[in-house]
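Have a look at the structure below, then the notes.
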Amino acid sequence: MSSDQVKSQAREAVAVFDKVESLQAAIDELESSGFDRADLSLLAGETTVEEKLGHAYTKVAELEDNPDVPTIAYIPTESIGEAEGALIGTPMYIAAATTAGIMAVAGGPIALTIAAVAAAGAAGGLIGTVLATFLDKHHADYLQDQLDHGGLVLWVRARDEPHGQEAVTILKKHSAHDVHLHGVYA
């Protein structure tokens, strides 16, 4: 059985959110209610969707129940923040450590070594900050693109009917619209 057939046989709750904060609140409650993060997915980016489906779409409502629509795993905001921290810290550390090694081998005076390491660390941190800003902008653009097409779509895989109904209740509680179950239980 192909992965597409497995996906089409999964029972999912689907909902559309008009605000990122409402989506996040629903996800937080789903997770605290025992839903696994791996069972949560969002619509892939516009380019990916259009490439996979072979056509453009105007509203996310056209895609909610399409088993062929590409999705992405939910990534918590905290993980994005951690990635940004790594993007800033890693170039800073590499630049500072490399400069320290070069200065030590060259036998430079300690004051000059400290100044060079600080300057290299600052330059590396600046590069990392630029990369983190790019990541943050990319994420914000992704969210805005979804909102411009009618909202943020969240799919929640459910293991059975009661589990699916619980997901629907939680999604409705957080101002989602067009909340429903689709698919069949395998």
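So which residues in region 165-182 are over 9 Å from A13 (Cα atoms) and outside any helix (DSSP H, G or I), if there are any at all?
H174, S175, A176, H177, D178
If I ask for residues that are touching a residue at least 60 places away in the same chain (Cβ under 8 Å), more than 17 Å from E64 (Cβ to Cβ) and surrounded by fewer than 21 Cβ atoms within 10 Å (Cβ to Cβ), which ones from region 164-186 would you list?
Of everything in region 164-186, those that are touching a residue at least 60 places away in the same chain (Cβ under 8 Å), more than 17 Å from E64 (Cβ to Cβ) and surrounded by fewer than 21 Cβ atoms within 10 Å (Cβ to Cβ) turn out to be E166, K173, Y185, A186.
Just to be sure, is A111 within 15 Å of the chain's Cα centre (by Cα), at pLDDT below 70 and not charged (D, E, K, R)?
No, not satisfied.
Hand me the list of helices (runs of 4 or more DSSP H) wholly inside region 1-81 holding 3 or more residues that are modelled with pLDDT of 85 or more and closer than 22 Å to G164 by Cβ.
Helices (runs of 4 or more DSSP H) meeting the threshold: 20-32.
The values are calculated or read from the model by the stated rules, or taken from the named source; none is laboratory data. Keep in mind that this is a model prediction, so the values were computed, not measured. Glycine also receives a Cβ, built like all others from the backbone with ideal geometry; neighbour counts cover every protein chain displayed.
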